[in-house]
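Reading through the structure tokens given below for one structure.
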Amino acid sequence: REAEYACANVIALLKKTYDEYGVDPPPLPCPIPLTSYPLEYAAPQAVCPPWGLKVLEALETIQTWVGEKHPDAAKALYGENQDDLKLQHSVHLASRAVRLVFEAFQKQDDEEKNARLERKNNQVMDRVGFIKKHQ
């Protein structure tokens with residue numbers, strides 16, 4: 001970053017000189033655009049529609065929670081005051097389910113973020129290497 005800033009300062013100083021002599025400054029090399037670097041990432045929606053593998057696994061886990069209920073289990077779980085306890089249990093299960101799906105989406109988004117960061121890092125390293133070649 002410092003080398004680019006120093007280069008920009010030199011270019012600004014030389015521009016006045018080129019203008020006074022009526023000479024065009026030499027063309028600067030264009031940086032390679034980010035889009036020319038490959039993004040090594042496959043969208044989870046494309047691999048496992050409609051939401052991705054991690055979300056599918058989370059939904060399957062939630063389905064096992066629902067599948068664990070048996071008709072006689074309510075009495076054992078909730079006893080006398082079944083309605084209040086069922087409601088609390090349902091709210092707790094719903095909260096866990098939402099958290100699990102949210103975390104699955106977050107993990108998938110983190111994978112994309114890491115792939116994009118890796119691509120940007122490759123671009124920056126190429127630019128640094130190019131600058132070091134000309135120092």
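Might you work out the accessible area of LEU93 for me, using a 1.4 Å probe with all protein chains in place, and round it to the nearest 10 Å²?
40
If each residue of separation counts as 0.36 nm, what is the full-extension length gain between ARG96 and LEU28 once their alpha-carbon separation is subtracted?
Extending this stretch completely gives an extra 18.9 nm.
Which value, in Å² rounded to 10, gives the accessible area of GLU112 with a 1.4 Å probe and all protein chains present?
Number for this one is 60 Å².
Compute, for VAL91, the solvent-accessible surface of its heavy atoms (probe 1.4 Å) with the complete set of protein chains present, and express it in square angstrom to the nearest 10.
90
Distance in nm between label sites at CYS7 and THR64, each 7 Å beyond Cα in the beta-carbon direction?
5.4
The values are calculated or read from the model by the stated rules, or taken from the named source; none is laboratory data. Since the structure is predicted, the reported quantities are computational estimates derived from the model, not experimental observations. All Cβ positions, glycine included, derive from the backbone under ideal geometry; neighbour counts span all protein chains shown. What goes into the accessible areas is simple: the full protein's heavy atoms, side chains included, and nothing from ligands, DNA or RNA. Shrake-Rupley method; radii C 1.70, N 1.55, O 1.52, S 1.80 Å.
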